[in-house]
1. Considering Cα pairs under 8 angstrom that are at least six residues apart, work out the relative contact order of the stretch 92-212 and quote it in whole percent.
2. Under a plain spin-label model, where a point goes 7 Å from the Cα along Cα-to-Cβ, how far apart in nm are Val220 and Glu84?
3. Provide the net charge surrounding Tyr250, with neighbours chosen by a C-beta distance below 13 Å and charges set as Lys +1, Arg +1, Asp -1, Glu -1.
4. Between Gln266, Gln15, Gln91, which gets the highest mean-square fluctuation from a Gaussian network model of the chain, Cα cutoff 10 Å?
5. Using the Cβ atoms and a cut-off under 12 Å, what net charge is assigned to the surroundings of Val112, where Lys and Arg are +1 and Asp and Glu are -1?
6. Grab the alpha carbons of the chain, take their convex hull, and tell me the volume per residue in Å³.
7. Just to be sure I understand the model, the point goes 7 Å from the Cα along the line to the Cβ. What's the resulting Ala68 to Leu108 distance in nm?
8. Under the rule a/c < 1.5 gives rounded, and otherwise a/b versus b/c splits prolate from oblate, where does the stretch 1-60 land using the Cα gyration tensor?
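Rule-based calculations on the coordinates, nothing more; no lab input. Being a predicted model, the structure only gives us computed values, none of them experimental. We place every Cβ from the backbone using ideal geometry, glycine too, and count neighbours over all the protein chains shown.
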Amino acid sequence: MSNVYLNGEIIPHSQAKISAFDRGFLFADGIYEVVPIYNGMPFLFTAHMQRLDRSLREVGIPQTLNHADWRAIITQLNSAEPLENSVLYIQITRGSEFPRNHLPSANLTPTVMATLSPFPPPAGAADAVKVALLEDIRWLRCDIKSVSLLGNIMLKQQAQALGAVEPILHRAGRITEGASSNYFVVRDGALYTAPNDALILPGITREHVLKLAREHDIEVHEKAFSVAELYSADECFLCSSTREIMPVGYVDEHQIGNGQVGPITQMLIDLFRQSRPNCA
Ligand code: PMP
């Protein structure tokens, strides 16, 4: 990742500089997006771009680049430094202004940065991991992919200290999502995940898993799940663009199912891998 796109130019990352008065730095006033690229092909590109547009709209940052512009930027970044599998990170802040003021001036020029990082797509047998149940301390607009991730970072640190790979979060006993993933549980052959409301990020992987499940006649429900229901689920997994489908064997000391990768989870892992662009 030695080249980056910054405000219209592809430059070496060591030369990528933004103002100390950038609102992203001062106020975490910005949004981001993450697109996995398999074998040079962005996966679920339109869905990611639509979520990017929505994040911008929700916080009132103008959209300065369209989907075709983003495709061209990916091509430029990739040809500067070809990577077979990579992840595109897009960071957009409202821009910079002096003096600092919580309330932004009108007509600021957004700061736009994009990088490609190497991405080894999950391959081989998946292992069931341990997650830690923690109270969701984040704000109430988790549907916006904001760069304001301090809550998520604190929760990830707590989970790590508990020997877990990811926190699974709840608000008043209702499971919301992971700190950088959505969750699914399987009970009696049906698949459950939290509804798409302001308490979760509308995960692109979540939506894709729901589609794959529906196409293969797995019953799906988008409904709030309680902690007690989670503990007694047959299977559980987390999902995200970079982790794809990550089976959960334990929530703290509570074993989920037999603690191994369950049959419906395995079926969805196989379907997911078949659906992504060929990246052997
Ligand atoms: N929830 C949160 C809080 C996340 O940060 C992410 C990953 N960015 C997800 C869910 C999963 O989203 P996606 O499948 O689009 O990567």
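1. Values: 138 pairs, mean separation 24.6, N = 121.
This gives 20 percent for the stretch 92-212.
2. 3.0 nm
3. Details: positive: Lys130; negative: Asp127, Glu166, Glu235, Asp252, Glu253.
With Lys, Arg at +1 and Asp, Glu at -1, the net is -4.
4. Result: Gln15 has the largest fluctuation of those listed.
5. Values: positive: Arg94; negative: Glu9, Asp22, Glu33, Asp69.
Computed value for this residue: -3.
6. Details: hull volume 36.9 nm³, N = 280.
In the chain, the Cα hull volume divided by residue count equals 132 Å³.
7. 3.0 nm
8. Working: a/c = 2.85, a/b = 1.14, b/c = 2.50.
Cα axes put the stretch 1-60 in the oblate bin.
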